[in-house]
1. Test of understanding: express the Cα radius of gyration of the range 291-385 as a ratio to 2.2 N^0.38 Å, with N the residue count.
2. Between K392 and E52, what is the label-point separation in nm under the 7 Å Cα-to-beta-carbon projection?
3. Mind checking Rg over Rh on the range 109-202, alpha carbons, Kirkwood formula for Rh?
4. Please compute the per residue accessible area over the range 129-173 with all protein chains in place, 1.4 Å probe, rounded to a whole number of Å².
5. Exceeding 24 Å between C-alpha atoms, which entries from my cross-link table qualify? They are K194/K247; K379/K408; K287/K383.
6. For the range 335-382, with equal point scatterers placed on the C-alpha atoms only and solvent neglected, what are the log10 I(q)/I(0) values from the Debye formula at q = 0.19, 0.23, 0.26, 0.29 1/Å, to two decimals?
7. Need one number: nm distance between label points at D264 and R307, each 7 Å from Cα along Cα→Cβ, rounded to one decimal.
8. So if R0 is 22 Å, what FRET efficiency would Q372 and K507 give, r being the distance between their Cβ atoms, rounded to the nearest 0.05?
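The values are calculated or read from the model by the stated rules, or taken from the named source; none is laboratory data. As the structure is a computational prediction, the values presented were derived from the model and not from experiment. Reconstructed Cβ throughout: ideal geometry from the backbone, glycine too, with neighbour counts over all protein chains shown. For accessibility, only protein heavy atoms count, side chains too; no ligands or nucleic acids. Shrake-Rupley method; radii C 1.70, N 1.55, O 1.52, S 1.80 Å.
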Amino acid sequence: MSDIPGFGLHQKLSQQQVQLQTQKMSQQQILSLKMLNMSNMDLRNEIYSFVEKNPALEITRDIGLEGVKTAHETNYQNDDTRSMSVSQSQQLASDNFQAALEASPDSRKSLAEHLEHQFLSVQHTRSEEALGLKLIYNLDSKGHHILAPVSLLDSADSNQNEELLNNLIFQINQLDPVGCCCSGFEESLLIQAKLRGDAGDAVLFILDGHFEFLNPPQPSKILKKINDYLANARLEEGNSIDLKKLKFTENQIQEALEYIKTLDPYPAREYSEDNNRYIQADVNVEKDEETGLFTVKDNFDCLPQVRLSRDFENLAADRSRVTKSTEESEKKRSEHRFVMESVRDAKQFMENLEYRKRTVLLACRAIVDEQQDFFEKGKRYLKPLRQKDIAKRIGVHEATVSRMANGKYLRCPQGLFPISFFFSNAVSQAPVNSSKTVESGTASSSPASASNSPNSTEGALSKTAIMAELQTILAEHANDKKALSDSKLCALLEERNIKIARRTVAKYRAQLNIDSSYTRKL
């Protein structure tokens, strides 16, 4: 067959055409996945950037972030594919490339995002949430204040005052990494020492405004400076420590030095830097009081609305041919090619926008269906849910769900949550003796023992639900004379049909920034 005149050339041209078409499809998929991975704020910038480069696309409306109205609910079908005439081999090559592309991890995470995720996992009032997010996004890469915190208070909000400000700062101080939201590294060290609860008086004294005594870090010289200072010090009004009663030894100073070395002056340095930005919910979940059902509504009206330019659309529809090869005709051909390419790219961009909207809405509706108990009762009822489960339900790749959840938020009656919050790992439990005597009213308050809870039949709870239950138990026993040990916490959880190992309880307690019973204050 290769001896047939022109056959080899024809085969080569066909292969090149297939490769070009497959490459073109892959580029479209790359752009689509890139936009799916963007937050609303990033997508706004992308839309403006594209419109600036492509005159075939124009912005028709942009109400901005301040005037966002209630968004309409859009009914999308489960149709996340775009039809194109391709061969089976080309489609297979495209699918393989997309699978490989989607499987690539996206590990971007900033300090603000990390703190924000934790802060929003706890329910706050509107005033607390607004001020708390301002504090978080007012931190530099080291976790220190950029502007004075008091300047962030909203004078138009009567609920925002210095007492609320100090309470929120203390809350953020305790988030992981501990010691952020402070004025500098010295305050960060003092916060860490206080929260650990095992720092001696020498440590607290040095870190509370006397850090310069550590230069040079020699115990004998540090002790001399402290003694000289204490000899001349007077009891300050409102100070809980009588400086004249403090007396340290050189061994205590040496121990204090070793203790301070275990603290991190810049706990935020492991997180990447990111441009500060305020967040906007991508999806709103509301309960219909008449039907009792939850509805999922998009909040995409905060994004610029775009359309294809009418002028470019008319120019692209012009099918008149230029027959003569002149300088003027070549110019017209070049202009026509530019118009066609611009219109094609603009249409593809709008298709990618629709694909992003459709995927986010479909996934969030599936999440709401799966997490009904959470939206009804709170985070103690958050059930284990994998991204794989949602991907299978809406008919997309698992990594597509991961990209959909990246940097996007859902607002519901429980508060504002990152979409990734609803994907919680399952914690395996050992079988619990159903005949075990349980105090009246104790097990009924637990999501694991509720008859209408899906967790009771699955034999596993989400990590978030168990941590919430642990917080509830600690709150109920806050006034006990003796702090609950991890073993006792483990037993109390078992009474609520949650049976996990003591070391797991200790791990979750540490993640909640709760000290052990040995150092916990009564």
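1. Against the empirical 2.2 N^0.38 Å value, I get 1.92 for the range 291-385.
2. Taking the simple label geometry, E52 and K392 are separated by 4.5 nm.
3. Computed over Cα atoms, the ratio is 0.97.
4. 49 Å²
5. none
6. Values, matching the q order: -0.69, -0.80, -0.86, -0.93.
7. 5.2 nm
8. After rounding to 0.05, the efficiency reads 0.15.
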